[in-house]
Amino acid sequence: MTDFIREIIAEDLASGKHKLIVSRFPPEPNGYLHIGHAKSICLNFGVAAENNGRCHLRFDDTNPAAENVEYVDSIQEDVKWLGFDWGEHLYYASDYFDKLYGFAVELIRKGKAYVCTLGTDEFKEYRGVPKRPGKESPARNRPVEESLDLFERMKSGEFEDGAYVLRAKIDMASPNLHMRDPAIYRIKRATHHRTGDQWCIYPMYDFAHCLSDSLENITHSLCTLEFEVHRPLYDWILEALDVFPSRQIEFARLNLSYTVVSKRKLMQLVDGHHVNGWDDSRMPTVSGLRRRGYTPESIRNFCDRIGITKFDGLTDISLLEHCIREELNKTAPRVMAVLDPVKVVIDNYPEDQVEELDAINNPENESAGTRKIPFSKIIYIEREDFREEPHKKFYRLAPGREVRLRYAYFITCTDIDKDPSTGEVTEIHCTYDPETRGGDAPDGRKVRGTIHWVSDAGGADLEVRLCDRLFADERPDADGADFLENINPDSMKVLTCKAEPSLVNAGAGARYQFERKGYFFVDPVDSEPGRPRFNRIVSLRDSWSKIEKKGRTPKK
C-alpha cells in the first residue's frame, strides 16, 4: 500500500532528513469521533507503525467553552477500540499554555505581533477580500512595549472578553486571508476542563496547533484539505520563532454518502433529539458504529480500501457495508429468526412431538460445527414467504405448493385462515413429508423454494431494531440544504421477532447472521440477561460486491 504521503515519508527517510517518523492524531475534545476521524487515525498511526516511528494522541483543547471530559474519555476509548495505542505519548495543547504564552511574547518582542482593539466583525472590514488589499488596524504599529503591557494585562484578567486580541503582524495585502494579521490570542473567560480558571486568555487553534507539533518534534503533521490554506500561516509561525520545522501535509477528508461527517451537524442531531445520543446505532460516530455492531477490523479495512488522495469526493457507503459483510460472512454464526411471523400449523405432524434437528452454524467455517434446533407441529415463517396468489417468479409457499424448510422437511400448503375483518392471513395449514427430513426427498423430487422458520417449541419473542441509513438523500447537506429535512423517517424500526432458542441467552456484543435477513448484533447497552436486544448491522444485500464484479470504478 502506498500513496503520496507515504512516498514523501519514504523520501525523507532515504535522504536522511528524518531518522524517526513522529506523527500525531490531534482531535479537539468538542464532540465524539466519527468515521472521518477513523480515516485520519488509521493514517497517522499507520504511517508511524510502518516506519517504526511513533504517533502521539494530542488533544487540541484551546476552546474551553466547547470542551469537556466526556469527549476526552470517549476519544481515548474510540482510538483504543480501533486498535491503536499511543503508549506514553498522550498530550494536551493545554500542557503547553505557559510555553505558548512565551512564544506570543517573543513574537511581540520581534515586532511580529501586536495587541489590537478591533473586534471580530470590525476586523472583517479591515481584512477585505482576496482580490483587494486590506487596511491596517489602527493599532498595527503600536509600540512593542505597549503591546507587551496590554498582553500581560489581558493575561491578568484586567479586560472584558473581546476587548483586545493579539494579532500576528504578517501581510494585509496577501491574497490568502489567513495571512492578513490573524488573531493568535483572545480573551475568553471560561473554565477549562484541565486548567480550571488559571487562564482567561487562550491561543487560537492555528497558533497552538503548529507550535504543539513543533514542541513534540512532529515530523509530518497530516491534516485534511481544508487546512491547506492555513499552511502558509503554520509555516510562518514556526519560521518566525525559529523552532522545530514540522511539516504540514494535507489529504482529502472522507465524505460518505447518506451521511454527514461534521461535528457541528452531528451535535445538532444529538441536541435536537433526532437521535438517541452520540452512540445511537444510526450515527456515523465511532461509538455509534461500535454499538451497531461494526468491528474495528472492518473499519480499518474500509479505511485501507478508500486510500489517501488529494482530491475531495464522495465515497459510497455501500463499501463500508461491504467490509463488515465480508468479515461477518466468515465469522458470524448463522441462526434463524422470523421478523414478521405468520403461524403455520402442520396438520399431520404428531401433536405433542418435538424433535431436534441439526443445523450448520456457518458453512464458511467448518470448525464452527452444528447446533440442535427444535421442530414441532406449530412453526412460524416470514409473512413475505407466503402468497395466496403468487406471481410467476414467486417460488416460496402458496396454496397447493411444496417448499423446503431449512434443515427440516418439505411442507405443502393445504389451507389458510383469515381475519374476516381485514382479510389478512392469520394461519397457514400444511402437511409435511416425514421422508424428507434434512431437506432431501427419497424419490428425487425437487422444490424451488427453501425458507427459514422458527418452532413454537422453545422459541422466544425477542426485540429487533432494524437500523437503516439515517438520511434518505445521498448528499443530505449538499448545496446548503437543511440536512435535518433529509432524515430518513424509517431509519429505525423496532420489531418483535420469533427466534430460535439459541438466541435467548445471546451475550451482549455477540454477532449473528439471521438467515436471509442480515447481520445482527446484541446491543451491549440495552440488553439484559435472558432478554437480548438486537441491532441490525447491515442487510444481506451487497451492492458494492456487484459493483466490484462489474468492474465499475467506485466513487471517491
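The values are calculated or read from the model by the stated rules, or taken from the named source; none is laboratory data. Because the structure is a prediction, the values reported are computed rather than measured. Here the Cβ positions follow ideal geometry from the backbone for every residue, glycine too, while neighbour counts run over all protein chains shown. Side chains are part of the model used for accessible areas, which takes the heavy atoms of the whole protein and leaves out ligands, DNA and RNA. Shrake-Rupley method; radii C 1.70, N 1.55, O 1.52, S 1.80 Å.
Residues in the range 199-222 that are closer than 21 Å to Asn51 by Cα and among the charged types (D, E, K, R) were compared, and the one that is farthest from the chain's Cα centre (by Cα) is Glu216.
Which residue, of Ile378, Ile373, is open to solvent by 40 Å² or more (accessible area, probe 1.4 Å), modelled with pLDDT of 95 or more and among the β-branched types (Val, Ile, Thr)?
Ile378
Against the criterion of being surrounded by fewer than 23 Cβ atoms within 10 Å (Cβ to Cβ), of a type outside the set (Phe, Trp, Tyr), closer than 25 Å to Asp78 by Cβ and in contact with a strand residue (DSSP E or B) (Cβ under 7 Å, 6 or more places away or on another chain), Ser23 does not qualify.
Summed over the range 107-122, residues that are among the hydroxyl-bearing types (Ser, Thr, Tyr) and closer than 17 Å to Asp171 by Cβ total 1.
Of Phe45, Phe59, which residue is in contact with a Pro (Cβ under 7 Å, 6 or more places away or on another chain), without any contact (Cβ under 8 Å) to a residue 60 or more places away in the chain, within 23 Å of Leu289 (Cα to Cα) and not acidic (Asp, Glu)? When all the criteria are applied, what remains is Phe59.
Are any of the residues in the range 404-415 of a type in the set (A, V, I, L, M) and in contact with a Pro (Cβ under 9 Å, 6 or more places away or on another chain)?
For the range 404-415, residues of a type in the set (A, V, I, L, M) and in contact with a Pro (Cβ under 9 Å, 6 or more places away or on another chain): absent.
When Leu233, Leu225 are checked against the criterion of being under 32 Å from the mean Cα position of the chain (by Cα) and closer than 30 Å to Ser287 by Cβ, Leu225 stands alone in meeting it.
Scanning the range 526-540 for residues that are over 14 Å from Leu328 (Cβ atoms) and open to solvent by 40 Å² or more (accessible area, probe 1.4 Å) turns up Asp526, Glu528, Pro529, Arg531.
Taking the criterion of being open to solvent by less than 30 Å² (accessible area, probe 1.4 Å) and part of a loop (DSSP other than H, G, I, E, B), the residues of the range 489-508 that qualify are Ser491, Glu500, Ala506.
Cβ-Cβ contacts under 7 Å between residues 6 or more apart (or on different chains), taken from a first residue in the range 312-323 that is free of Cβ contacts under 8 Å to residues at least 40 places away in the same chain and farther than 16 Å from Arg475 by Cβ to a second residue that is open to solvent by less than 20 Å² (accessible area, probe 1.4 Å) and among the aromatic types (Phe, Trp, Tyr), are listed as Cys323/Phe302. Against the list (1) within 23 Å of Phe534 (Cβ to Cβ); (2) in contact (Cβ under 8 Å) with a residue 12 or more places away in the chain; (3) more than 18 Å from the chain's Cα centre (by Cα), the condition Thr309 fails is (1).
Yes/no per residue for (1) crowded, with 21+ Cβ neighbours inside 10 Å; (2) within 30 Å of Val464 (Cβ to Cβ); (3) modelled with pLDDT of 95 or more:
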position: Cys200; (1), (2), (3): no, no, yes
position: Ala208; (1), (2), (3): yes, no, yes
position: Thr224; (1), (2), (3): no, no, yes
position: His230; (1), (2), (3): no, no, yes
position: Tyr234; (1), (2), (3): yes, no, yes
position: Asn255; (1), (2), (3): no, no, yes
position: Arg282; (1), (2), (3): yes, yes, yes
position: Tyr294; (1), (2), (3): yes, yes, yes
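Within the range 187-208, the residues that satisfy the criterion of being part of a strand (DSSP E or B) and not β-branched (Val, Ile, Thr) are His192, Gly196, Tyr202, Pro203.
Could you tell me whether the range 172-186 includes any residue that is part of a loop (DSSP other than H, G, I, E, B), open to solvent by 10 Å² or more (accessible area, probe 1.4 Å), in contact with a Leu (Cβ under 9 Å, 6 or more places away or on another chain) and over 15 Å from Thr120 (Cβ atoms)? Looking through the range 172-186, at least one residue is part of a loop (DSSP other than H, G, I, E, B), open to solvent by 10 Å² or more (accessible area, probe 1.4 Å), in contact with a Leu (Cβ under 9 Å, 6 or more places away or on another chain) and over 15 Å from Thr120 (Cβ atoms).
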